[in-house]
Structures are given as C-alpha cells and as structure tokens.
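Colleague: Structure incoming, see below.
The values are calculated or read from the model by the stated rules, or taken from the named source; none is laboratory data. Being a predicted model, the structure only gives us computed values, none of them experimental. When we count neighbours, we look across all protein chains shown, and the Cβ atoms used for this are built from the backbone with ideal geometry, even at glycine.
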C-alpha cells in the first residue's frame, strides 16, 4: 500500500555497490556494507547480506553450543555505527577539494617554517602541486641524499587494496634510492610486544599464537572470562564490526561469567559485566602480583605444568613472596596501589583458581599502553601459565580477531593480507615491517628532529622478530651508508599530534627550520595537515573502483568483493595511489610505478594470488561481485590455542630459547643487565628513569588524577571525529556553554564535587606538558581518581603546542617511551588534574589569541577547515 | 498490522538504529511518505541511555524509542486538518509532508516526544516505519531493524510475535495511547552489595540475604566475590537481613528503590 492517495516513491537504486567500511585498512577488510546509489548520489549505506546472491547452504555455517544455547552466524554483516554513517565522511565539510599550498612557504625564497599551523593555504593546480613536490624531492635527493626524506606512511584507514591509503610514497621513493621510514611502534599491542614476546616467543605482535579455534574452546569449557582492559563493544568496531557483541550475549545466555577489570564501566562492561573490578589505570601489575601471591600461599596453581612448561618460576616466587626485596606482594600491598579492596583481590584469585578461566582482549584497551606496559603484559603470561595455559578453556584470546572458525580456501587470518602480490603489499610494508634504509621509531620522531642524533634499541616494527629488541640502532645511520638527518616529510597519516606520544612536541618538530618541506596527502584538512606546506587531496573508498579481501577474522564469514565506484570523486581529489603516481610521472618514474597496470589488471591480480580460480570462475566472480568463503568442514578439529604445547611441550616447543614459557628471560638479563624498568622477571615498577606517573609521585601533589585513554568509541584513532550524527550522542561530544562541542572527559561525581565541576562544564585537563579543554561527563561510569579521555579528537589549537581546544589529549601524554629499552608509547595511565576553566583564563586566551576564536565553527561537525583556506574551500 | 518488538536485554547501545534512520532520512526526499529531516536535532528513532547504581555496582541499559505508531494516537485528533495524519492499513502512522501546515499541534500532543518540527520546511516530521521501503516490496523491515547487530529490534506482523508480545510491556501505558511498540526485558531496580569480614579482610561467601517488602520475601546467597544482587525490583521500600554462620546478622531498613541501590562493601562482625 502507499499513502492515503495510493502514491508511492521509487526507492530502487541505480546500482548497489559493496564497500568494506571498517577502518583497519591494511588489506584485511571488515565492516562489510553495501551502498545504494541513485543518480550519482549515495542514497544509503546498509549492512551487507552474505546471502544476497548466494544460497546460504554454500557457506557451511558454523555452530557453537553450550548449556543448550547456540551461537550461529547471521546472514548479514554487522558493521559498526560509524561505518553506516560513512556518507558523512565522504561528504564531510572538511574534505580537501583541491591541492593547497601554504601562502608564505616559497621554495625559492622564505619557507617560514615557524608559521606552520598559523598561516593559511591557497588553492593551486595539480600541475603546480606535483611540480613542487617533484622538484623538492629532486632537490633534497641532490643536496642531502634520498634518506633525507622522512616517510610517514603507516597506519590503519579505509579498506582499499589498489588504492590503499598509506605507503605509496614509500614504494616510489624506494625505487629512487630509499627513504627514512617512520616505523610504527605497535601502539595497540605495546605490553605484549615488549613484554609477552619474551615469555612465550614471537606471537602475533606478542599476543598468544597459535590462536586457532579459541571461541569454540572458550564457549565449551570456560566458566569465567576476564575482560581485562578490554572493550569488545568498542575497539572491534574499527576493525571488523559488532561480531564480538553477539559472542558476549551468547556467553551470558550460556552461563559463562564475564568479569571486567578496567577503570571505567566501558561499553562492554555496561551491558555484559557480571562483575566490574574498577582498577586504577596502569596498576594492573600490582593486582596480578597479588593474585600470584594468593595462589602461591594457598597452593592453588598447576605446579606440575610449570615444572615441564616454564622456566624461572623460582625467581618469580622469591620476588612475589618478598624474599628478593623484603616486600611480599600481598593483596594488602596491592590494594593500596591498584585501588581494589583486599578482600576482592583475594576473591578474584580464588574464583580464578576454582573456575576454568580465559582472558580476553581486543588490543587491551588502555591496559597495555601505559608506562612499563611490558610488566602487566608479561604477568598475564605468568598467570595463565600457572593455570596450565593451553588446557581446555585456558587461553588468552583477542576476541574475534583470532580464534574464529576457519574458512575453507583462505591461507591467512592476519590483519593484513600477506597472500597478495608485492605490487599491492609494498605500500603496507611501511606499517608492518621496518624495511626503510634508515629508521626512526614513530615514538622518537620529535626527538629525532629536535635532538639528534639518536640511539635506540629495537625498531618497534610490527612484524619484527623478538631478536630485533636486542639490536642497537642509530639515527642517522653511517654517512657512508647514505645516513643523513631528515629535511623533508611526506605524510599520508597526519594524525600523530592526537594519536601518539606528546603531540605538543610533534608541533614543535614540524615547525623546526631544518624541515624544509612538509607534504601531506589526506582526504580531510585536519591535524597535521595544518602544519604542511603542500596539501594534496586524497579521496575516500566510496569514490574509487577497487577490490577488497575481507580476510580478517571477525565477520560472520570471510569474503572477497569487487568494490565498484559508488560516487564520483569530490572536487579534484585523487586516490592516495593516484596522487603518488602523478608525482612519480613528474620524476620520470610513472611507468615503473604503475607497471602499466589498470584497475581491472589489479583486481584480476588479487583473484589470481588468492587462488580463487579453484573456488569460482573469474566470470562468475565479476558478475556476482563477491565470493563468500565457506567454513572449513573440519574447523572444529583445529587444536585450540596452545593445546599442543600443553599436551607435549618437548615436541611442540615455543619459539623461545628454552622452548618453554620464560618467566625469567635470560636474554633480557644478558642484554640489559642494569635495566630496572624491564627486569628479567616481570615486576611492579613504581617509578623509573623513563616515567614517574604513579599517585605516589611528588608530581601527584599538583596532578592527583590518573588519565586513561581507550581507543575511541566513535572513532578509529583519529578518523570519524566530524560525523554530525555521532557527535549528537551523550558520549560523542559535550555541548559547552559557548556553543562549542567538546571532547568528553569522564570523571566520578566525588572528584567532580571536590572541584565544583558539574556535568556539561567546560574543564581543562592538564599537566606540565600542556592543557586540553574537554566537556565534563560526571557519572558513575568511572571510578574516583580517574580522568578518562579517548585519544584521536581533532586538534584545535588555542595556543599551538600549549593549549588545545579540540580535546586532543595525546598532546599532553608523556613523551617517554614504554621504558628505557622499549620504544613503545605510553599514552594511558599518567598524571593530570582536571579543573574548571576560570573566567580569567577564558578572557586571557580570547585577548591574546583572538584568531583561535575567530575560526569558522559549526557545533554539528566541528571546526570548518575552509577557514584555513584563502577564499574558502566550498 | 505491523509491530516493533524491542528486546532491551540484548540492546548493546550501539546507536546503529538512530544513525541508520538518519542515513535514510537526512538528505533523501521520500515524498509522499516523508521529506528530509534536518541533519541534526531530530531523532525519529531515539536511543536513550540509563545508568544505574554507583561504583562498582553499576549497570546500564538502553531503550531505543521510535514513534510508537499508537492505536489511539493522540497526534491524529490533535491535527486540525483531517487526513493529514493518518493510519495505514498496516498500522503505521504517517504525517503527510505535503499537506502539513506547520501548526505544531501534533508535536505538542505526542506524549512520547516522537514528533519533531522542521523549521525550514515548516512541517512536523517523525518515524514512518520506513513505509516507503516496505511498499517497494524489497524490504520487510525498516532501516533500524536491518542495522541492529543483535536483532534486538524486530519488526513484522503482530501475529508473528504473539508469544513475545504476551511477555512484553509498553512504555507509559498510563498515556492510554496503545502503542504498537512492545518492549521486553526492561530492567527494574536492583539492590546489591558485597559482604566481607573486616577482621580477616575476606569476602563472606554463602551469606544468606533476605529481602522483604509488604510481606513478600526474596532470598539470595553471596557468590564467590561476596556479592549479592536482587534484580527486577519494583519501586518501593525494602528491608534486608544478611546472615552468615559465625557472624552477627546485619539488617538494613527502609531501603528505597526509587534509585538502584548499591549498599557498598558491608562489614559483618562476629
């Protein structure tokens, strides 16, 4: 039927195209959607249905049961909320529509590097832009050598293969003699990488591997699951979608207790927790040690397993019982440090000893990214070892990221797709490998620019072997090897200010006169784009023809899909690949860079390297536009996790020197005999030369609260901050008295009352490193003593490198790396205070920095960056 | 006749329903069913958040609220012009976007605040149940249900959901509007606490907790964490007695469940 008069409306699209709209990028896919297009406009974005063109019987769907309850996949994908809202990113008012040049940057005259972040931009043509970039590349190569160009080409981002958002400039420069690589430290895995790797070997960035078939084994065997610093309702959104959600509800129905250990009632704890243990940020090591103490005292640990599967337990015992330092790590001792009552600590230890228990994470929330994160990382391995790691139901599980039923015909379950050809993989190498000729860990970029030369241990490369952590590197490398400082930056990942360590220093580094040229390519004029000299407009996944291998575990089924172009590119934007190709042409490298391959060639390339010929003909694949991998017939037989090691450690040794779990690492003892921050056995580190961020610190007199950050609820790192529809939610942004929408800071009513802060107030979160303005969310979702701000909000400086209005909390995170010999970042679990902003402060800022308050602003989407472009950007 | 059945017990608060609705109706003109809503400010599907308790006994639930497509919808008689707001054969209620004169009477009349006023178009607007999609023959559910990752939002014929509807409640039955949106598992209030021995610094497991009100009694036993929970409580006044072997019983009188109650860590003495 229709309306009262029998009229209807035509809702049929002209075409429906498949788009993976998660933001993990790196060739792994996820967040599968379809876009209905009519008259060149994206009408709607909705979940992809696997059975759209196939009979679902083909998929051999898996089934997991427990206590009479069943979990089965749905026939639709479960993209995250911001994937469904993706129109708002493609059509964002902050899209860079044409190439830009900073008005007072003249490569033949004054470069005015001190004005980066202050001076505006003017529109230029692609011709001029590519000429400028090419001539700067040539000049820098001639004057200093190829390693003088720093490539910031790493990161997550849109799910495209041919037009993958990062690393094309690295591929080009590699063809021309090399480049200096910003090596992306494993920002979401720090404690596992720098810690757990030394206990159970390489793993996946240090997390437990093998990790097959964990969801089934946990569902069938566990009575309890510890969600430690983990939010299965948030972090998976950026990488695959809401699949973990259904598993958690199933576990509740099946009677598996879910205990959340985290400072905040995170989004998972809010709806799934049977028990919330609100631990103080980055104090988990104390809690972990007290649990070990309780098990030792009560004899409730698997002694026999430890005898045959681990080394160093005697040293752990001595430390925990107080024989080493005279301080027994009792629940009483721990309670003072972690903020959990003694009786609850003991209860947790005993419940864990009685019940079959696994620990789940999804990048560990803020648990694994603080100062000395390798200590709680390693202690988790000790705890699991003492419970017989690898036994049925005793695992570490990155929920849905690993451990889902295996697909037939797929060779890998990694977050990137190693099966693809070199041509397509090389750009992603800049995120995954330390492959550049000269390396700078991402955490040390500003030190490299402001205080060279550097010596550092371990590159931090995601896929680098454990042994890399014993290698000493220098920056620059030897002159005879082409070593040089960097004088030019080419970034396609301009978000270091808000996502990495001490963003205020990033600003200073970008402004240093030695950095003669900064080129940024990005779809949106945000964050570091404002500190560039040349800005090149990249386009989004809706605007390109591509192909995607949704091979990450997580979605109900894995698939490969041709991603047709949904809408034409906005303005003069080009894909990240096309941008670098245009520069390559000006450098005489066009043919080599493109290999003469068309989009169709490369789509077929993917089909071939994935060996899809065995599964579906090219013609059928091209017609249907997608193929769903059926679940392997024998998936249930895959040994779960460490089962083989558990059953027969001699014949299934771990990739460690002893082949066992190394609670004591002889290698750490040998290489770092004086390292008191990462000793050979894991310990509680109160304070070290790298960090002084405990509430026992003298600094706590001025900064008595502990700041914690998770991966953002409504963002993937820095992406999606300007979506008007998510900014309307209570946890999205807080509308201030001044009409500005602030990034929320969560504080408990007790702390708020002490400071005269009410829900909705504009407050400053600060320490010696700077001030960040936020909107107060005062509620019981966070324990006292904690201020909680997600990283990734768009930077909006009132005073650049001093006061940020956009809520970019990482501008004041510690500059210090995880610890002296571990170049990870420590961006959660550090001292701050939160106070109301006084009238005098507002007056002073408005008087001394009026231009900051004059920028065009719309509360719905935030700062309008056309204000930075002469003549606007409409 | 169509109904929504929404299971609050499995609503994870993702807001996909609220956003998918905007994706459909912002910037898209579905006349004669609906004109575009403004980019922000209207919530034809409105997600609501409910935080209950105090640290560490805090629970949340979310209640998504669309237009209730009421059988006795107050908006229809409020509209001064007959036929502008009408009920379809399938029960969905539509405000004709071409005939609405912008008087706002329906906006004021709706007790669920489900009708919004579009200043620039000068019309009242609300959830249509995505009738335009249903009528195309290609869709059987509205955008919100299609986007819901847990199937918390169900939509279909009343007859399909008879069993669920028998167990469900409506929001504000006292408005007497007879909504066609049925809710399952909306939590009531809880009383919870942790029982411990302050001398030994241990939780007390297996303590017997008896909750009384109006002559009715409920019992719970403290678990391995020393926790007890009484959930699904009506608003009222309760007494609680906690008994454990070797300890003096402890009583709490006049516990009001106007708000959810966390009695905190409760010490027992010998």
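Colleague: Starting from residues that are within 15 Å of residue A:707 (Cα to Cα) and touching a helix residue (DSSP H, G or I) at 6+ places or on another chain (Cβ under 8 Å), keep the ones in the range A:748-767 and report whichever is surrounded by the most Cβ atoms within 10 Å (Cβ to Cβ).
Modeller: The selected residue is A:765.
Colleague: Okay, next question. Considering only residues that are in contact with a helix residue (DSSP H, G or I) (Cβ under 8 Å, 6 or more places away or on another chain) and not in a helix (DSSP H, G or I), which ones fall in the range A:827-856?
Modeller: A:827, A:831, A:832, A:834, A:855, A:856
Colleague: Further question on the same structure: Give the range B:56-95 a look and list any residue that's away from chain A (no Cβ under 11 Å), within 30 Å of residue A:268 (Cα to Cα) and not in a strand (DSSP E or B), or say none.
Modeller: Scanning the range B:56-95 gives B:67, B:68.
Colleague: Please determine, by comparing only the residues of the range B:206-228 that are over 31 Å from the mean Cα position of the chain (by Cα) and surrounded by fewer than 18 Cβ atoms within 10 Å (Cβ to Cβ), which one is farthest from the other protein chains (Cβ to nearest Cβ).
Modeller: B:208
Colleague: Go through (1) in contact (Cβ under 8 Å) with a residue 24 or more places away in the chain; (2) more than 22 Å from residue A:253 (Cβ to Cβ) one by one and return the number of the condition residue A:203 breaks.
Modeller: Condition not satisfied by residue A:203: (1).
Colleague: Restricting attention to the range A:543-569, which residues are in contact with a helix residue (DSSP H, G or I) (Cβ under 6 Å, 6 or more places away or on another chain), within 18 Å of residue A:618 (Cα to Cα) and not in a strand (DSSP E or B)?
Modeller: A:545
Colleague: What about residue B:153, is it touching a residue at least 60 places away in the same chain (Cβ under 8 Å), touching a strand residue (DSSP E or B) at 6+ places or on another chain (Cβ under 8 Å) and within 14 Å of chain A (Cβ to nearest Cβ)?
Modeller: yes
Colleague: Can I ask one more? Just checking, which of A:312, A:364 is farther than 17 Å from residue A:284 by Cβ and more than 14 Å from chain B (Cβ to nearest Cβ)?
Modeller: Every option except A:312 fails the conditions.
Colleague: Hey, can you tell me all the residues within the range A:219-237 that are within 13 Å of chain B (Cβ to nearest Cβ) and touching a strand residue (DSSP E or B) at 6+ places or on another chain (Cβ under 6 Å)?
Modeller: Correct list: A:224, A:226, A:232.
Colleague: Can I ask one more? Inside the range A:723-739, can you point out the residues that are under 21 Å from the mean Cα position of the chain (by Cα) and either surrounded by fewer than 23 Cβ atoms within 10 Å (Cβ to Cβ) or outside any loop (DSSP other than H, G, I, E, B) (or both)?
Modeller: Within the range A:723-739, A:726, A:727, A:731, A:732 meet the criteria.
Colleague: Which one of these does residue A:860 not meet: (1) part of a loop (DSSP other than H, G, I, E, B); (2) within 22 Å of the chain's Cα centre (by Cα)?
Modeller: (2)
Colleague: Test residue A:425 against the criterion of being modelled with pLDDT under 95, buried (at least 18 other Cβ atoms within 10 Å of the Cβ) and at negative phi, and give yes or no.
Modeller: yes
Every residue, every condition in (1) within 25 Å of residue A:610 (Cα to Cα); (2) in contact with a helix residue (DSSP H, G or I) (Cβ under 6 Å, 6 or more places away or on another chain); (3) more than 8 Å from chain B (Cβ to nearest Cβ), yes or no:
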position: A:12; (1), (2), (3): no, no, no
position: A:37; (1), (2), (3): no, no, yes
position: A:58; (1), (2), (3): yes, no, yes
position: A:70; (1), (2), (3): no, no, yes
position: A:77; (1), (2), (3): yes, no, yes
position: A:92; (1), (2), (3): no, no, yes
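Colleague: Against the definition (within 26 Å of residue A:390 (Cα to Cα) and not in a loop (DSSP other than H, G, I, E, B)), how does residue A:336 come out, yes or no?
Modeller: no
Colleague: Could you check residue B:217 against (1) outside any helix (DSSP H, G or I); (2) touching a residue at least 12 places away in the same chain (Cβ under 8 Å); (3) on the phi < 0 side of the Ramachandran plot and say which number it fails?
Modeller: In the conditions (1) outside any helix (DSSP H, G or I); (2) touching a residue at least 12 places away in the same chain (Cβ under 8 Å); (3) on the phi < 0 side of the Ramachandran plot, residue B:217 misses (2) alone.
Colleague: Give the residues of the range B:7-54 that are free of Cβ contacts under 8 Å to residues at least 40 places away in the same chain, over 18 Å from residue A:83 (Cβ atoms) and at the interface with chain A (Cβ under 7 Å from one of its Cβ atoms), sorted by residue number.
Modeller: Hits for the range B:7-54 are B:28, B:39, B:40, B:49, B:51.
Residue-wise test of (1) surrounded by 15 or more Cβ atoms within 10 Å (Cβ to Cβ); (2) closer than 15 Å to residue A:628 by Cα; (3) over 27 Å from the mean Cα position of the chain (by Cα).
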position: A:15; (1), (2), (3): no, no, yes
position: A:20; (1), (2), (3): yes, yes, no
position: A:25; (1), (2), (3): yes, no, no
position: A:72; (1), (2), (3): no, no, yes
position: A:75; (1), (2), (3): yes, yes, yes
position: A:88; (1), (2), (3): yes, no, no
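Colleague: Tell me the residue from A:297, A:307, A:323 that is within 14 Å of chain B (Cβ to nearest Cβ) and either out of contact with any strand residue (DSSP E or B) (no Cβ under 8 Å at 6 or more places or on another chain) or more than 30 Å from residue B:147 (Cβ to Cβ) (or both), please.
Modeller: Just one listed residue meets the conditions, A:297.
Colleague: A further question on this structure: Of the residues that sit in the range B:229-240 and are under 27 Å from residue A:278 (Cα atoms) and surrounded by fewer than 18 Cβ atoms within 10 Å (Cβ to Cβ), which one is farthest from the other protein chains (Cβ to nearest Cβ)?
Modeller: B:232
Colleague: Only residues that are within 19 Å of the chain's Cα centre (by Cα) and part of a strand (DSSP E or B): list them for the range A:700-722, please.
Modeller: Matches in the range A:700-722: A:707, A:708, A:716, A:719.
Colleague: Residue by residue through the range A:288-313, note down the ones that are touching a residue at least 60 places away in the same chain (Cβ under 8 Å) and within 30 Å of residue A:710 (Cβ to Cβ).
Modeller: Hits for the range A:288-313 are A:288, A:289, A:291, A:292, A:295.
Colleague: Which residue out of B:199, B:141 is within 13 Å of chain A (Cβ to nearest Cβ) and under 30 Å from residue A:331 (Cβ atoms)?
Modeller: Going through B:199, B:141 in turn, just one is within 13 Å of chain A (Cβ to nearest Cβ) and under 30 Å from residue A:331 (Cβ atoms): B:199.
Colleague: Sticking with this one: So how many residues does the range B:85-108 have that are surrounded by 22 or more Cβ atoms within 10 Å (Cβ to Cβ) and more than 22 Å from residue B:156 (Cβ to Cβ)?
Modeller: 5
Colleague: Residue A:447 versus (1) without any contact (Cβ under 8 Å) to a residue 40 or more places away in the chain; (2) over 18 Å from residue A:188 (Cβ atoms); (3) out of contact with any helix residue (DSSP H, G or I) (no Cβ under 6 Å at 6 or more places or on another chain): which is the lone unmet condition?
Modeller: Of the numbered conditions (1) without any contact (Cβ under 8 Å) to a residue 40 or more places away in the chain; (2) over 18 Å from residue A:188 (Cβ atoms); (3) out of contact with any helix residue (DSSP H, G or I) (no Cβ under 6 Å at 6 or more places or on another chain), the odd one out for residue A:447 is (1).
Colleague: Condition first: in contact with a strand residue (DSSP E or B) (Cβ under 7 Å, 6 or more places away or on another chain) and surrounded by 18 or more Cβ atoms within 10 Å (Cβ to Cβ). Can you find one or more residues in the range A:591-606 that meet it?
Modeller: Yes, the range A:591-606 contains at least one residue that is in contact with a strand residue (DSSP E or B) (Cβ under 7 Å, 6 or more places away or on another chain) and surrounded by 18 or more Cβ atoms within 10 Å (Cβ to Cβ).
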